[in-house]
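Heads up, the thing below is written out as structure tokens.
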Amino acid sequence: MNWIQTYLRLRIKATRLLGTRREADLAFELFQTVRQLPPRERELGLYHEAKLFRVSRPESDIPGYELGNPQGETVILVHGWESHAGSMYGIASHLAGKGYRVLCLDLPAHGKHAGKRTNLLECKEALKVFMNQLDRPFHVVSHSFGSAVTSLALSELKVQALQLVFLTSPNEITDIFREFQRFVGLSEKAYQLVVSRAEGLLKSPLEEASVARRLSAARFEALTLLHDKHDQILPFSNSAAIQQQHPQAELIELDQVGHYRMLWNPAVYALVSQSLESVGVEK
């Protein structure tokens with residue numbers, strides 16, 4: 001148990017003395033709080049090289065970044081939780097060099113976006129706004145939490161994506177909530193209140209927000225899942241479960257590329273390129 005977990009457990013335990021609802025209120029706030037981690041040196045290249053644009057929303061604009069050939073096939077990159085567009089710079093640079101038009105976003109409360117708290121619903125809505133503004137077909141390459149955001153967004157849009165490449169993915173959203181409960185030591189009664197609030201925002205049971213189920217309602221031509229069989233952050237079983245419900249999807253089992261390190265692995269870049277090339281835009 002690290003100091004962050006110890007600190008959060010102490011806060012939850014102390015707040016529990018004030019009642020279950022107060023415990024749930026704190027937990028719901030913590031669940032949506034994003035640690036603002038500064039970009040690493042190798043991630044700064046995206047912010048230095050890319051053309052900045054803004055995705056307009058009533059709530060707040062979303063920072064976007066464009067690299068590569070403006071006339072090339074469009075690829076949207078969607079980063080993970082507590083990350084930012086810069087984390088995708090290795091893949092972005094590789095695809096830009098291949099002639100693609102690469103578009104990255106800082107999701108709400110991430111990167112250069114000014115917010116401090118967000119959730120799957122808000123990130124999904126932001127991505128929907130962006131996808132609806134695009135004037136041409138697009139591929140999507142997403143990492144971790146970004147794969148869930150992508151699945152939910154596409155399930156609620158009429159647009160059809162080309163190739164989806166998920167660089168790991170969660171599946172059952174309930175698993176994420178249960179892991180959070182375990183991490184902070186949340187009581188079962190408070191946990192059920194947190195779930196109830198989340199379902200109120202989603203307007204559906206958490207079970208309905210699973211990636212595999214939402215993909216069934218999404219429009220796309222092909223799906224490739226890349227996942228390290230030893231992933232310590234998101235178990236490989238998540239991608240395996242998605243592929244089981246979508247047999248047409250390609251599941252590529254990786255070894256020793258890690259959860260975050262895969263974003264800087266040339267072998268992963270090559271697999272991403274191959275997947276995109278297999279589903280091109282009709283000329």
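All of the numbers you see were taken from the coordinates with simple rules; none came from a lab. Every value quoted in this text rests on a predicted model; they were computed, and no experiment measured them. For neighbour counting, all protein chains shown are included, and Cβ atoms are generated from backbone atoms with ideal geometry for every residue, glycine included.
Computed about the Cα centre, the dipole magnitude for the chain is approximately 820 debye when only Lys and Arg (+1) and Asp and Glu (-1) carry charge, each at its Cβ. When its C-alpha radius of gyration is set against 2.2 N^0.38 Å (N residues), region 128-185 gives a value of 1.36. Here region 40-188 is assigned +1 on the Cβ of each Lys and Arg and -1 on the Cβ of each Asp and Glu. Its dipole about the Cα centre then comes out at about 260 debye.
Bridging of LYS189 to aspartates and glutamates at a Cα separation below 14 Å is possible for GLU23, ASP25, once same-chain residues fewer than 8 apart are set aside. Within region 142-283, the proportion of C-alpha pairs whose separation exceeds 19 Å stands at 54%. The alpha carbons of region 95-215 stretch over 52, 29, 23 Å along the principal axes, in descending order.
Cα-based radius of gyration for region 234-283, normalised by 2.2 N^0.38 Å, reads 1.32. Taking a ≥ b ≥ c as the square roots of the eigenvalues of the Cα gyration tensor, an a/c ratio of 1.5 or more together with a/b no larger than b/c marks region 157-208 as oblate.
Electrostatic tally near ASN171: other residues with Cβ closer than 12 Å to its Cβ, Lys and Arg +1, Asp and Glu -1, net -1. In the chain, the ratio of gyration radius to Kirkwood radius, Rg to Rh, stands at 0.96 when only Cα atoms are counted. Gyration tensor analysis over the Cα atoms of region 77-123 returns equivalent ellipsoid semi-axes of 23, 9, 8 Å (largest first, whole Å).
Answer with one residue from ALA218, THR15, TYR191: the one whose Cα lies farthest towards the positive end of the charge dipole of the chain, charges on Cβ with Lys, Arg +1 and Asp, Glu -1. Towards the positive end, the residue furthest out is THR15. Here is the tail figure for region 1-157: Cα pairs spaced more than 18 Å apart come to 61 percent of all pairs. If the Kirkwood radius is taken over C-alpha pairs of region 15-103, then at 25 °C and 0.890 mPa s the Stokes-Einstein diffusion coefficient equals 160 µm²/s. Shape summary: region 76-165 maps onto an equivalent ellipsoid whose semi-axes, from the alpha-carbon gyration tensor, are 19, 17, 11 Å in decreasing order.
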